[in-house]
């Protein structure tokens, strides 16, 4: 009987933690003139109070459902008290592509999507209530957009992020977005996260990023850490065992959510 009661209590706790719902929505992008599929994970408390929002970006080859397939976002949204918004970024690297008018995801994620979310949910509609992060390509996107749109996002991060694209000129169809590195070397320098550090001032943006020791992006993440330290920009940089895979990201995400929750609490006491 004790075992049965214990099991029932456990099931009730899991059910309570998973009370968040998942909305699948199509958000129209005026700049791209088309709708973008997006998941919105909505905690139960959103019905009665304004919530901070985390924009959570997927990696290359993924879509708006990718993070939910890695880990159930509903109990995390409940536990950390935030909406989680997962847009389909296609294989855009979250740039406004200078070569493809149909791929303008920097504008979509930084401006059009937050405006839509704020209009349709009970949010804290300011940079003090917004954070952005992602995995791999989405890690590039989280820091790229966070640094370049500090008026929109107060915190930004990456997990296993492609934070310097230049060592990988033949990979992940980036040349379709930018042109080849041989033809557009200046553009490749300008469109990489690590070269955005000069635009940061200390205290402007709360930053967290992490990477596994066995990840092919480990070296570029260490380089970003070194460049931030040299510039005097405070940040959290975590390294731990792991590779570029779902097992690593599943463990990484709660650390980042805790970082963002602490940021939101400091900004919105």
message = I'm trying to understand the selection: among the residues of the range 220-252, which are in contact (Cβ under 8 Å) with a residue 24 or more places away in the chain, in contact with a strand residue (DSSP E or B) (Cβ under 9 Å, 6 or more places away or on another chain) and under 28 Å from residue 201 (Cβ atoms)?
response = 220, 221, 224, 228, 233, 234, 235, 236, 237, 238, 239, 252
ask   = closer than 30 Å to residue 241 by Cβ and either outside any loop (DSSP other than H, G, I, E, B) or touching a helix residue (DSSP H, G or I) at 6+ places or on another chain (Cβ under 9 Å) (or both): does that describe residue 119?
value = no
query = Being buried (at least 19 other Cβ atoms within 10 Å of the Cβ) and touching a helix residue (DSSP H, G or I) at 6+ places or on another chain (Cβ under 6 Å), is that true of even one residue in the range 98-105?
reply = no
ask   = Which pairs have Cβ atoms under 7 Å, sit 6 or more apart or on different chains, and link a residue in the range 88-109 that is at positive phi to one that is part of a loop (DSSP other than H, G, I, E, B)?
value = 90/103
key: Failed criterion for residue 163 (all others in (1) part of a loop (DSSP other than H, G, I, E, B); (2) in contact with a helix residue (DSSP H, G or I) (Cβ under 9 Å, 6 or more places away or on another chain); (3) loosely packed, with under 15 Cβ neighbours inside 10 Å hold)   = (3)
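So which of 52, 87, 75 ends up being over 30 Å from residue 172 (Cβ atoms), modelled with pLDDT of 95 or more and under 15 Å from the mean Cα position of the chain (by Cα)?
Just one listed residue meets the conditions, 52.
The rows are residues; the columns are (1) within 16 Å of residue 136 (Cβ to Cβ); (2) in a helix (DSSP H, G or I); (3) at pLDDT below 95.
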position	(1), (2), (3)
215	yes, no, no
225	no, yes, no
244	yes, no, no
250	yes, yes, no
254	no, yes, no
257	no, yes, no
ask   = From the list 41, 36, which residue is outside any loop (DSSP other than H, G, I, E, B), farther than 23 Å from residue 262 by Cβ, in contact (Cβ under 8 Å) with a residue 12 or more places away in the chain and in contact with a helix residue (DSSP H, G or I) (Cβ under 8 Å, 6 or more places away or on another chain)?
value = 36
inquiry  = When you check residue 181 against the structure, is it within 19 Å of residue 144 (Cβ to Cβ) and not in a helix (DSSP H, G or I), yes or no?
reply    = yes
inquiry  = Please go through the range 185-213 and give me each residue that is assigned to a loop (DSSP other than H, G, I, E, B), in contact with a strand residue (DSSP E or B) (Cβ under 9 Å, 6 or more places away or on another chain) and within 21 Å of residue 54 (Cβ to Cβ), ordered by number.
reply    = 200, 205
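Quick check on the range 126-140: of everything there that is in contact (Cβ under 8 Å) with a residue 60 or more places away in the chain and touching a helix residue (DSSP H, G or I) at 6+ places or on another chain (Cβ under 7 Å), which residue is surrounded by the fewest Cβ atoms within 10 Å (Cβ to Cβ)?
Filtering first and then ranking leaves 128.
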query = Checking residue 52 against (1) more than 15 Å from residue 132 (Cα to Cα); (2) touching a strand residue (DSSP E or B) at 6+ places or on another chain (Cβ under 8 Å); (3) crowded, with 16+ Cβ neighbours inside 10 Å, which single condition isn't satisfied?
reply = (1)
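The values are calculated or read from the model by the stated rules, or taken from the named source; none is laboratory data. Bear in mind that the values here come from a model prediction, so they are computed numbers and not experimental data. Don't worry about glycine lacking a Cβ; one is built from the backbone with ideal geometry, like all the others, and counts go over all protein chains shown.
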